[in-house]
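Coordinate-derived values only; no laboratory data. Just so we're clear, the structure is a prediction, and the values are computed from it rather than from any experiment. Neighbour counts run over all protein chains shown; Cβ positions are idealised from the backbone, glycine included.
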Amino acid sequence: MREYVFQNGDVVFRQGDESHTMFEIMSGKISIYADYETPHQKELATFEERQTFGEMGIIEDMPRSATAVATEDNTRVQEINAEEFADYFKEKPIQVFLLMKQMSRRLRDTTQNYVEACRTVAETMKTEKNGEEKSGMLKNKLKAFADVYRKLLGEGS
């Protein structure tokens, strides 16, 4: 396992990079961003000492889904590659629990967002069926969903 030190604003990895490693924060903070350094930049999460990030890279072997950026000077991280993954968890079994908790929270958030999207679609269909005017809140939700969809298609907004 290799250790790196990052300063505030340093990029650990970028969205779209190849990913075969994860990281444990030894000290400092890391924030995770979607669409980093674009007008659509969104902070997804912040991680601190003893927390891990980038684990999807080892689990899925897919490109990075977001950008990781140090948000404190002298942020120390330990990089764990796929070959070291099993030994890492044998040496630090509490990390398995912490990683599962982190992933569970993300799944819960995704589920809540999905339910909200379904409610918005149902409300839209009901409004259109009844010939009613869309409320301002409904219009804002629909615009937000459309923006996300356009980004997924790479069309911008």
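Which of LYS29/LYS141; LYS29/LYS139; LYS29/LYS92; LYS42/LYS101; LYS29/LYS143; LYS42/LYS129 have a Cα-Cα distance over 26 Å? Where the Cα-Cα span goes over 26 Å, the pairs concerned are LYS29/LYS141; LYS29/LYS139; LYS29/LYS143; LYS42/LYS129.
How much FRET efficiency would the formula 1/(1 + (r/R0)^6) give for VAL5 and GLU116, where r is the Cβ-Cβ distance and R0 is 35 Å, rounded to 0.05? It would help to have the intermediate numbers written out before the result.
Details: r = 40 Å, r/R0 = 1.14.
With R0 = 35 Å, the Cβ-Cβ based efficiency is 0.30.
Between beta-carbons, use under 12 Å as the cut-off and find the net charge around PHE6, counting Lys and Arg +1, Asp and Glu -1. Write out the running numbers ahead of the final one.
Values: positive: LYS29, ARG76; negative: GLU3, ASP10, GLU72, ASP73, GLU79.
Local charge sum for PHE6: -3.
Between MET125 and ASN140, the contour length at 0.36 nm per residue exceeds the alpha carbon distance by 3.8 nm.
Using θ = phi - 60° in the Karplus curve 6.51 cos²θ - 1.76 cosθ + 1.60, the 3J(HN,Hα) couplings for region 71-79 round to 10, 9, 5, 6, 6, 9, 10, 10, 8 Hz; x is entered for Gly and Pro. Using C-alpha pairs below 8 Å separated by at least 6 residues, the relative contact order for the chain is 26 percent. Principal axis extents of the Cα atoms in the chain, from largest to smallest and rounded to whole angstrom, are 62, 30, 24.
Rounded to the nearest 20, the size of the Cβ-charge dipole of the chain about its Cα centre is 840 debye, with Lys and Arg at +1 and Asp and Glu at -1. Computed over neighbours whose Cβ is under 14 Å from that of ILE94, the net charge equals +1, Lys and Arg +1, Asp and Glu -1. Distance between the modelled labels on LYS101 and ALA86, one decimal in nanometres: 2.7 nm (7 Å Cα→Cβ projection).
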